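First comes the structure, then the notes that go with it.
The values are calculated or read from the model by the stated rules, or taken from the named source; none is laboratory data. This structure is a prediction, so every number in the text was calculated from the model and none was measured. Cβ placement follows ideal geometry from the backbone for every residue including glycine, while neighbour counts extend to all protein chains displayed. Note: areas computed on protein heavy atoms with side chains; ligands, DNA, RNA excluded. Shrake-Rupley method; radii C 1.70, N 1.55, O 1.52, S 1.80 Å.
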Amino acid sequence: MEYRMGGITQRLIFWNVGLFVVPMVVFSILALFNVGFPPLQWYLPNNEDWISLSSNPADLLWKPWSLITYAFLHGGFLHLFFNMVMLFAAGRFFLTFFTQKQMFGLYMLAAIFSGLVFILSYNTLPLLSARGQSNMVGASAAIMAVLIAVAVYAPYYNVRLLLLGNVKLWHIAAFFIISDLIMASVENEGGHIAHLAGSLLGYLYIVLLKNGTDLSKGVSGIIDFFSNLFKPRKAKPFTKVHRNTAPPVNRPSPKPKDITQKQIDDILDKISKSGYDSLTKEEKEFLFRLENNK
């Protein structure tokens, strides 16, 4: 019921939790029988699975969907928990000012953009290139895009935090950006660079939106296109045509109205002045017809 009645934030949380919990339960049961399925077990170390995002750009040729699927997977329970808390809060702030389609569109665009930056960083930055291939999972980069976008749009929006009291939204955004900048060369370097990429996209999204360009419309248009393909077409209502088979009724055409009050008044006035004999033949016939029609 909560899934059906809730908005896009709740649905994204359900998708993230479901794609973590269900496979974990299934693979745990299968492991009791010494059965595994490595192509879908993204959490195994040094495993070339089908759904996590690889830093090797050549891997996109055989699993291009990983640019999206990685943003719905997590490496562990705590990773999932903290990301979902952030998603719930960021989504609540974002939907105060924007629509659900805009939030989902931004989430998806940020996942793709941050994934591409992750791959690029591992193939251009010396620190990361020296470490070889790596895989990435997590919704953090997409969530950062949502958070930074609303912080740029409404930086002075008040947020009440436990123990800290009221803070501005831009304070929260600045904290996470500074943290990612510090940690980008310390640990989980690729992940923090992806966070920064998501933050950049969130900022650009608002800048372009204020100039009349909504980047999320592309995602919404694609989703609407495919949803309409599988939506049953409404049948046109049957219109029954009734034919009139009764013979036409001959109605008498109205007689022209050739009698006017002015004609009558003129004839009566002439009779009063000069008598009946002064009337012309036409005037006498006119009076005769008038008398017979009464």
Restricting attention to segment 61-81, report how many residues are surrounded by fewer than 12 Cβ atoms within 10 Å (Cβ to Cβ) and among the aliphatic types (A, V, I, L, M). 2
In segment 164-178, what count of residues is obtained for those that are more than 14 Å from residue 145 (Cα to Cα) and among the β-branched types (Val, Ile, Thr)? 2
Could you tell me whether any residue of segment 40-48 is in a helix (DSSP H, G or I), surrounded by fewer than 20 Cβ atoms within 10 Å (Cβ to Cβ) and touching an Asp or Glu at 6+ places or on another chain (Cβ under 7 Å)? yes
Can you tell me which condition residue 98 does not meet? The list is (1) farther than 30 Å from residue 131 by Cβ; (2) part of a helix (DSSP H, G or I); (3) open to solvent by less than 50 Å² (accessible area, probe 1.4 Å); (4) in contact (Cβ under 8 Å) with a residue 24 or more places away in the chain, and all the others hold. (2)
Taking segment 17-32 and keeping residues closer than 16 Å to residue 138 by Cα and either open to solvent by less than 50 Å² (accessible area, probe 1.4 Å) or more than 28 Å from the chain's Cα centre (by Cα) (or both) leaves 18, 20, 23, 24
Would you point out which residue out of 126, 155 is surrounded by fewer than 17 Cβ atoms within 10 Å (Cβ to Cβ), touching a helix residue (DSSP H, G or I) at 6+ places or on another chain (Cβ under 6 Å) and not hydroxyl-bearing (Ser, Thr, Tyr)? 155
Is it true that some residue in segment 152-159 is on the phi < 0 side of the Ramachandran plot and part of a helix (DSSP H, G or I)? yes
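Listed here are the residues, each with its yes/no results for (1) among the β-branched types (Val, Ile, Thr); (2) part of a strand (DSSP E or B); (3) at pLDDT 95 or above.
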| position | (1), (2), (3) |
| --- | --- |
| 119 | yes, no, yes |
| 127 | no, no, no |
| 144 | no, no, yes |
| 150 | yes, no, yes |
| 198 | no, no, yes |
| 202 | no, no, yes |
